Structure formats: C-alpha cells, structure tokens
Amino acid sequence: GKEYEIPANGEWYESKDFNELEKRKRNDDERVKRMREELDGELKTAFQFLPVNNRRKRLETVKDSVRNAAADVMPEEEKSAALKRIDDLCAIKTVGEIRNVCSADVTVDGRTIPVGETELFVYSNAFPEVWTAVKPGCDPYALDREFDGKTFDGKTVVLRDAMFTLSPVEVRLPDGIGSDVECKVDGKKWTVGLKLRPDKYTYEYTRAGYKSEGVFEVKQGGGAEVPEPVWKPLNILLDPPKLESGIVCLLDGTEFNGVREIQPGRQHTVKYSKRGYVAISRNLEVKDSGESPDLRVPAAGEWKETKEMAELRELENQAGSANLDTLKAIEKRLQSIDGESLTAKAQEDRERLQESVKSRITVETLKKGAQKAYNNFNHTIPLKAIDVMDRHMDYIKAAEKAGEELDPEVVDCALDVCERTVGTWESLRQEAEQMERQGRMPRPGFLSKDCKKNLEDLKKNLEKLRRLKNEEGAG
C-alpha cells in the first residue's frame, strides 16, 4: 500500500558499462561509414584507366581489406555484397571512354552519346563484341579494335564527322521520262531503285536525235530534285573540206583538219585563210542533225590580196631611185610588214629587197662620207690624205660588192686625191733618202717599211682608179 515516487528524467544516470557499449557502437558505425567511403574511392580509382592486370591487383588488395578490416564491424550481408561487387569488377577486361565531337548524337553499341559528351564503356572481353557507331543519315561505322597497337582498355576514342559516310538515298527519274529514253548518271546506266550518297551528280538523257544533260544534287536526309529533260538536238559529225595547198580552214577558231563534232541549234563560224590574201569567213547554222552545212572552199576569184602585198610592190618601185633618207624610211616599213600577210614568194621578195636596201644604205652612207672628206682634203698632210683616200676606196668597194653603178664624180674625186697623195708621198720619201745620203737627219717615218707599204697601196689604188676612169670613158 506504499506509494513510490518515480525519478524524473533528469535524475537518471547511465551506468559505466552502458556508456562504454554505446560509445563502441558509435565508433563502429563511424568506422563502417569510413570503410564504405574508402571502398567506393578505391573501387572508382581501380575502375579508371588502368591496364586490366594492374586493375585486378588493386581490386584484390581492396578485397583483402574488406575481408580483414571489416570482419568484426561490417554487417555480413553488406560485406558479402561488397566482395561480390569487387569480384564483378575483377572480371571486367576492357574499360575506356568514347567522346562525341560530331555534329549530332551518336549511338555506340546501343548507348547514345550526346554531342560534346563522353561516356564510359565497360566490357567483359578484351575487345568489344559489336563495337559499332551509328550517326543519323550515315552508314554504321565499325570502330577500330586496336589503337596504337593496343586494346581499347584505358583509352579515349574521339568520334568525328569525318569518320562517317553519308547513307545513300534512293533517287527516282522524273515522271516525263518514257521507255524510249536512255538515262545515265555520271556516265553509268540509271537503273530502277538507284541509290546515291549525298553529293552532286551529272545526268544525261538521250533519245532518237536529241539529248538532255545537266547536274543535280542529292541532299543529306533524303530528297533529290532531278530536273525534267530539256531536249536539244544531238551533235553532228562534220568531215573537213578538201583544201588546196596553202589554204587553212578554221572551225570556231580552231584548225579544221579532222572529223569534228558540232552542236546543232547554234551558230558556228568557218574561216578560210591563205597567205597573202584576206581571210574569208562564213557563218554556219545547223538547225537539226539532218542538215548539211555549207563548207564550200572559196574559188580563186574570191580571194583578195592583203594590203601588205600592195605595200610591198609600192616599196619595190620606190627603192629604184631613192636617196639615202628615202632608203632608210623604206627599210623601216619593210621591217613592219607582217610576213604572215604575204605569200611565200612575196616573203622571199621582201627579204631580197631588205638586203638590197640595206646594202644601198651602206653604199650611200660611204659615198656621203667620201664627198664630205674630199671637201676638206689637203694633200700636204700625208696621213690625213691617206684617210681621205681610204674613205673613197671604201665607197668604191662597197658599190662594186652591191652591184651598184659608181658615181663618176666620186671616182674623179678619188683619182684626184690619189694622184696628189702619191705625188706628196713620193716627194717626201725622195727628200728623206737625199737627206740620209747627205748625212742629215731625215723626217721621221718616211724611210720606214710602213711608209713604203703605204706608197705601194696608193699606187695600186691609183692604177685601179685610172682603169675605172678609162672604162667610164669607153662606156
């Protein structure tokens, strides 16, 4: 019947044994928590890009740690699960990354890798079994099973747009194409159900006497706009005309010396040319493949000489009685004439006229020099007298070589110069010989071999000039 007062909560005190038990329990919980975190860290580290053998050794070390260190604190069920997880990881043989830098998402072995993302791939074999990448609108791409001579394990594979080939797209002919039309794509026969990869292609439709051709584009993702045919007459083959020697035929600007293919429905040009004559051109227009164009060669009476031919004849007439200045002007005009505008014979005549004019210019120039020297002639100066004599003789030699008629006046002047010069030199040589006999010092040079030779040459010139004078008088 006694009443007992129950202690309030604050009056209770834990026993020493109870406190130790709770403290140990809390420590074990903390230890298990740390071990779980350490286990996760070890497994993640071992699971990264280590070669398979190193990864297995590291996982065995983690496995021993779980068996021993956690034996007395980790629940049996959790420990078994951790060991199984480690065993599963030890069985993995290939771990690597695949990075997608393509312009679209890519699927590898059923796993989608978004643009710019990197995914980790784990395989139980040394090589992936399927190992195929798929990109929308492209053919499947079989990835390499080895990289730098090694397996995929521990590697990062980067997928790029350039690795993929665009998938072919079925292309259909336009509705207006009938069974009588032959169709080609890039030179190959167009068959039903033709599939082409995205790109640009040439097409060609042909039927009796007509053709249509052009370019179309197959776009990525499907669709190709193949143009309807625009029919044009087929090209026709032309045989070159039979030409006389010296006549050249040009078709559309190129020499027509073999069978040529031309397109009907447009204008063509045929041109006949012949050296020394104005070219004759005609327009050809072939409306369809059944026409025969006009390739008639011009008759002899249709050819007209070029202006260069007329100019050459004019210069030949002028050159006959031309003076020095006129000859020089003729020489320049002859050089400016285009040889292709002359006939072969006229070209030879032009070359001969050039040589003749050049020779006559030389003769007239020497003649003018001799006349000028004669006007300043002084026979009392021996060496200058010889120089005047040489100028006259140069003129005479050049005129004889060119077949030109000698100017009598110049011949007379030359004879006068030579006679007086010979007289002067003989007189001076005789004077020098007399002074030498008298023991006096003679004038220098007039007893030398050169002086003797000069005198001999002067006498030969004198003899020649007298002969020319006689011939002139006889003529």
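Below is a table of values for the structure above.
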read-out	value
Identity of the residue in region 165-199, among the β-branched types (Val, Ile, Thr) and outside any strand (DSSP E or B), that ends up surrounded by the fewest Cβ atoms within 10 Å (Cβ to Cβ)	Val192
Filtered residue count, region 144-164, keeping only those that are part of a loop (DSSP other than H, G, I, E, B) and either at pLDDT below 80 or exposed (fewer than 13 other Cβ atoms within 10 Å of the Cβ) (or both)	11
Test set (1) under 18 Å from Lys469 (Cβ atoms); (2) modelled with pLDDT under 85; (3) charged (D, E, K, R); (4) over 60 Å from the mean Cα position of the chain (by Cα) - Lys384 fails condition number	(1)
Residues being at pLDDT below 75 and in a helix (DSSP H, G or I) - total across region 455-475	3
Any pair with Cβ under 6 angstrom, 6 or more apart, that starts in region 76-96 at a residue that is over 11 Å from Lys63 (Cα atoms) and ends at one that is at pLDDT 70 or above and of a type in the set (D, E, K, R)	Gly96/Lys155
Hits in region 390-410 - residues which are farther than 22 Å from Glu355 by Cα and either at pLDDT below 85 or of a type in the set (Lys, Arg) (or both)	Arg391
Selected residue (criterion: nearest to Thr202 (Cα to Cα)) from residues of region 232-241 that are of a type in the set (A, V, I, L, M, F, W, C) and not in a loop (DSSP other than H, G, I, E, B)	Ile236
Region 391-440 - residue that is over 22 Å from Phe377 (Cβ atoms) and in contact with a helix residue (DSSP H, G or I) (Cβ under 6 Å, 6 or more places away or on another chain) and, of those, surrounded by the most Cβ atoms within 10 Å (Cβ to Cβ)	Glu404
Odd one out for Leu353, checked against (1) buried (at least 19 other Cβ atoms within 10 Å of the Cβ); (2) under 60 Å from the mean Cα position of the chain (by Cα); (3) of a type in the set (A, V, I, L, M)	(1)
Gly439, sole failed condition from (1) more than 13 Å from Arg360 (Cα to Cα); (2) part of a helix (DSSP H, G or I)	(2)
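Yes/no matrix, rows are residues, columns are (1) part of a strand (DSSP E or B); (2) in contact (Cβ under 8 Å) with a residue 40 or more places away in the chain; (3) aromatic (Phe, Trp, Tyr):
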| position | (1), (2), (3) |
| --- | --- |
| Tyr201 | yes, no, yes |
| Glu204 | yes, no, no |
| Val230 | no, no, no |
| Leu243 | no, yes, no |
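The values are calculated or read from the model by the stated rules, or taken from the named source; none is laboratory data. All values reported here derive from a predicted model rather than from experimental measurement. Neighbour counts run over all protein chains shown; Cβ positions are idealised from the backbone, glycine included.
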